[in-house]
Amino acid sequence: MPKPPRSAGQEAEIIKITDIAGHGVMATPALMIDGRLVSSGIVLTAKEIGQLL
């Protein structure tokens, strides 16, 4: 089972973006990884986030 960055011993930079429309986000919450929108409109579990990483 994949783990979130901290529990997996990985580093991650978390940035809060307020101009979401400029990034193609149409619904919140949203998650972007390396500039790519990977989730929008649903709350992900830690396991789901780990799988996306």
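What follows is calculated from the coordinates using simple rules that are stated; it is not laboratory data. Bear in mind the structure is a predicted one, so any value in this text is a computation, not a measurement. Reconstructed Cβ throughout: ideal geometry from the backbone, glycine too, with neighbour counts over all protein chains shown.
Quick look at the values:
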item: Of all residues making up segment 41-53, the number that are touching a residue at least 24 places away in the same chain (Cβ under 8 Å) and of a type in the set (Gly, Ala, Ser); result: 2
item: Close pairs from segment 11-40: first closer than 15 Å to Leu52 by Cα, partner outside any loop (DSSP other than H, G, I, E, B) and polar (S, T, N, Q), Cβ under 8 Å, at least 6 apart; result: Ala30/Ser39; Ala30/Ser40; Leu31/Ser39; Leu31/Ser40
item: Within segment 6-53, tally of residues that are among the hydroxyl-bearing types (Ser, Thr, Tyr) and either part of a loop (DSSP other than H, G, I, E, B) or surrounded by fewer than 10 Cβ atoms within 10 Å (Cβ to Cβ) (or both); result: 4
